[in-house]
Amino acid sequence: MNLKDFIRSIPDYPKKGILFRDITTLIKDEKAFSEAINQIVERSKKIKFDKIAAIESRGFVFASAVAYIVNKPFIMLRKKNKLPADVHSVDFELEYGTATIEVHKDSINENESVLIIDDLIATGGTAEAAAKLVETSKGKVAGFIFVINLFDLNGSDNLSKKGYNIDSLIEFPGH
């Protein structure tokens, strides 16, 4: 099964000049969604990690299913002011603006290794912010697995140059 066939492309969303890669068409198909989860699980077996983290909100869809299958704790990296306890925060640049993500301070213990899963990597700003949250919590980033890599936007290359292990299921150009 070619997972790429289940991704819808929407031009000029959320603003002009952005070609949005929509994963809702993949997750609404039970066979394609199952295949994506199975592929992430298989790739995760090559990585030593203690916990799985995901970036709000589409990353939650994939990471929570993987965490359940591999029997690892799941950590939510959320938008600002969505977590009720004490948090670490990181501000970052997006392709189309700025944002803040947070994690509960008690989610990651010192020296725990965290696998970060997200639906898509473009410029890498969100992923880099997620790595900073893990590291601010004194954890270590075991690696990243993305469903989609927009390879020509260089996010995965930038993370690789910083020493992070990067993997993705599907590659698309970003434009």
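The values are calculated or read from the model by the stated rules, or taken from the named source; none is laboratory data. This is a predicted model, so every value here is computed, not measured. Neighbour counts run over all protein chains shown; Cβ positions are idealised from the backbone, glycine included.
Applying the selection to the stretch 107-164, what residues are among the β-branched types (Val, Ile, Thr) and closer than 26 Å to Leu26 by Cα?
Val114, Ile116, Ile117, Ile121, Thr123, Thr126, Ile145, Val147, Ile148
Between Ile52, Ile47, Ile37, Ile75, which is touching a residue at least 24 places away in the same chain (Cβ under 8 Å), of a type in the set (A, V, I, L, M, F, W, C) and out of contact with any helix residue (DSSP H, G or I) (no Cβ under 9 Å at 6 or more places or on another chain)?
None of the others qualify; the one that does is Ile47.
Given (1) in contact with a His (Cβ under 6 Å, 6 or more places away or on another chain); (2) crowded, with 18+ Cβ neighbours inside 10 Å, identify the lone condition not met by Thr136.
(2)
Can you name every residue in the stretch 1-34 that is under 25 Å from Val70 (Cβ atoms), of a type in the set (A, V, I, L, M, F, W, C) and in contact (Cβ under 8 Å) with a residue 40 or more places away in the chain?
Listed by number, the residues that qualify are Leu3, Ile7, Ile23, Leu26.
Give the residues of the stretch 38-66 that are among the small types (Gly, Ala, Ser) and either more than 14 Å from Phe144 (Cα to Cα) or modelled with pLDDT under 95 (or both), sorted by residue number.
Scanning the stretch 38-66 gives Ser57, Ser64, Ala65.
How many residues does the stretch 21-31 contain that are of a type outside the set (Val, Ile, Thr) and buried (at least 19 other Cβ atoms within 10 Å of the Cβ)?
Residues in the stretch 21-31 being of a type outside the set (Val, Ile, Thr) and buried (at least 19 other Cβ atoms within 10 Å of the Cβ): 2 in total.
With within 20 Å of Gly97 (Cβ to Cβ) and of a type in the set (D, E, K, R) as the only criterion, which of Lys28, Lys16, Lys46, Lys4 stands out?
After ruling out the rest, the residue left standing is Lys16.
Would you check which residues across the stretch 100-126 are aliphatic (A, V, I, L, M) and under 15 Å from the mean Cα position of the chain (by Cα) and list them?
Ile101, Val103, Val114, Leu115, Ile116, Ile117, Leu120, Ile121, Ala122
Can you tell me which residue in the stretch 35-64 is surrounded by the most Cβ atoms within 10 Å (Cβ to Cβ), limited to those that are closer than 20 Å to Leu77 by Cβ and charged (D, E, K, R)?
Ranking the qualifying residues of the stretch 35-64, first place goes to Lys51.
Would you confirm whether or not the stretch 90-111 contains a residue that is aliphatic (A, V, I, L, M), over 21 Å from Ile40 (Cβ atoms) and crowded, with 19+ Cβ neighbours inside 10 Å?
yes
For the stretch 93-120, give me each residue that is modelled with pLDDT under 95 and over 20 Å from Leu83 (Cα atoms).
Hits for the stretch 93-120 are Glu93, Leu94, Glu95, Tyr96, Gly97.
For every residue, the table says whether it meets (1) part of a strand (DSSP E or B); (2) out of contact with any strand residue (DSSP E or B) (no Cβ under 8 Å at 6 or more places or on another chain).
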residue: Ile116; (1), (2): yes, no
residue: Leu120; (1), (2): yes, no
residue: Thr126; (1), (2): no, no
residue: Lys132; (1), (2): no, no
residue: Ile148; (1), (2): yes, no
residue: Asp157; (1), (2): no, yes
residue: Gly163; (1), (2): no, yes
residue: Ile170; (1), (2): yes, no
